[in-house]
Every structure is written in C-alpha cells, then in structure tokens.
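What follows is a set of notes on a single structure, which appears directly below.
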C-alpha cells in the first residue's frame with residue numbers, strides 16, 4: 001500500500017515505521033487527497049483521533065496527526081503533516097464525513113495553527 005502511494009505521490013509522502021507502527025509524513029497540500037485514498041481505496045474506515053504536537057525548536061514547529069484504523073485489515077496507520085506557525089492545511093471535513101469518527105468538524109476552509 002505505502003509503495004503504491006509513494007509511486008503515485010512521489011516526494012510528497014515519506015513512509016516510515018517505528019516499533020512496528022506504520023506512519024507517513026505527507027506534504028500538507030496532499031492531506032485531503034491522501035486521507036480520501038486511505039478511506040476509499042485502502043479501507044481505513046475509522047478515524048481514531050486527530051491531534052497535534054508542538055516542537056518549538058523546529059522550523060516547522062507543529063505536527064498534525066490523523067490516526068486511522070482499518071477494521072477489515074486490522075491495521076492502524078498514522079498520517080502526519082508538519083507545518084510552520086501561520087501555515088494552514090486544507091480542510092478535511094469532507095473526507096471525514098464517510099468515516100466513523102469521534103468528531104469531524106472544520107472551521108472555515110482550512111486548519112490554521114497559531115501559538116496562543
């Protein structure tokens with residue numbers, strides 16, 4: 001699956017694994033499309049969580065993570081986008097509507113990360 005996505009999206013996806021857990025770092029502009037492909041074609045049918053982590057010493061200070069689960073595959077994957085303060089990620093509200101999810105909300109047309 002990851003090999004196929006890497007072939008299709010090239011340098012926009014970096015597949016990684018840590019302690020047996022698969023994850024991918026995805027260019028922020030590809031997030032809506034990748035999430036839709038994972039839902040519709042790869043059977044990741046449950047959005048477990050959406051969260052963010054702040055790394056103040058990095059240039060791209062924020063990691064935004066989607067943790068997805070596939071019931072048919074019994075597999076979990078994490079999708080991560082790294083963004084700088086003031087950058088945005090396109091809204092993924094439409095991609096979340098077909099998932100079983102705890103919550104799927106979108107404020108405006110994008111997710112904007114700023115420090116408070």
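Residue pairs whose Cβ atoms lie under 6 Å apart, sitting 6 or more positions apart in sequence or on different chains, and linking a residue in region 15-37 that is on the phi < 0 side of the Ramachandran plot to a partner that is part of a strand (DSSP E or B) and exposed (fewer than 15 other Cβ atoms within 10 Å of the Cβ), are 23/16; 25/14.
Which of the residues belonging to region 20-37 are outside any loop (DSSP other than H, G, I, E, B) and out of contact with any helix residue (DSSP H, G or I) (no Cβ under 6 Å at 6 or more places or on another chain)? Correct list: 21, 22, 23, 24, 25, 28, 29, 31, 33, 34, 37.
Counting only strands (runs of 3 or more DSSP E) that sit completely within region 54-116, those holding 3 or more residues that are closer than 17 Å to residue 21 by Cα and modelled with pLDDT of 90 or more correspond to 62-70, 75-83. Scanning region 38-53 for residues that are touching a residue at least 60 places away in the same chain (Cβ under 8 Å) and assigned to a helix (DSSP H, G or I) returns a single hit, 39.
The values are calculated or read from the model by the stated rules, or taken from the named source; none is laboratory data. Since this is a predicted model, take the numbers as computed values, not measurements. We place every Cβ from the backbone using ideal geometry, glycine too, and count neighbours over all the protein chains shown.
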